[in-house]
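Got a structure for you, written out below as structure tokens; questions coming shortly.
Every number here is computed from the coordinates shown, using simple stated rules; none is lab data. In this text, all values refer to a predicted model and were calculated from it rather than measured experimentally. In this analysis, Cβ positions are derived from the backbone assuming ideal geometry, glycine residues included, and neighbour counts consider all displayed protein chains.
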Amino acid sequence: MKIENQKKGVKTMINQIESQWVGIDVSQAKLDIALRPSSITGQVRNEESGWTELIEQLKKQTIELIVIESTGGMERGVVQKLQKEGFKVAVINPKRARDFAKALLSSS
């Protein structure tokens, strides 16, 4: 998995100690991953080998929750694999996520 820390602009392996929240954007070919509060990002293929690579990296972290937008079923494989490994996963409606983000931006 390609990992980059956006705060420092340097490539780094996931090795933060603080608890992380993970957001995963799903497409047919790839998964875009972002960890917060560390600002670490990465990308893997949306297939078995990519899911395995993702899990290996996430196991190095303390993960509170993984949030994945529902994407017409393209998320099912990675969700099942993450849950099987014991991660807490929330599959959310993309419209609700956008509405929530808009509400946060308008209140500031």
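If r is the Cβ-Cβ distance from SER106 to GLU56 and R0 is 41 Å, what FRET efficiency results, to the nearest 0.05?
Using R0 = 41 Å, I get an efficiency of 0.55.
Could you list SER106, SER70 in order of exposure, starting from the residue whose Cβ has the fewest other Cβ atoms within 10 Å?
In increasing order of surrounding Cβ atoms, one gets SER106, SER70.
Once you put a point 7 Å from the Cα of GLU48 and another 7 Å from the Cα of ARG76, both along the Cβ direction, what distance in nm separates them?
About 1.7 nm separates the two model spin labels.
Still on this structure, please answer the following. Which cross-chain or sequence-distant (5 or more) residues have an amide H under 5 Å from the amide H of GLU69, H modelled 1.01 Å from N in plane?
When sequence neighbours closer than 5 places are left aside, the close amide H contacts are ILE24, VAL26, ILE92.
What are the semi-axes of the equivalent ellipsoid for segment 50-108, taken as the square roots of 5 times the Cα gyration tensor eigenvalues, largest first, in whole Å?
Equivalent-ellipsoid dimensions as semi-axes: 25, 15, 8 Å.
Report the local net charge at LYS102: Lys and Arg +1, Asp and Glu -1, summed over other residues whose C-beta lies under 12 Å from its C-beta.
Local net charge: +2.
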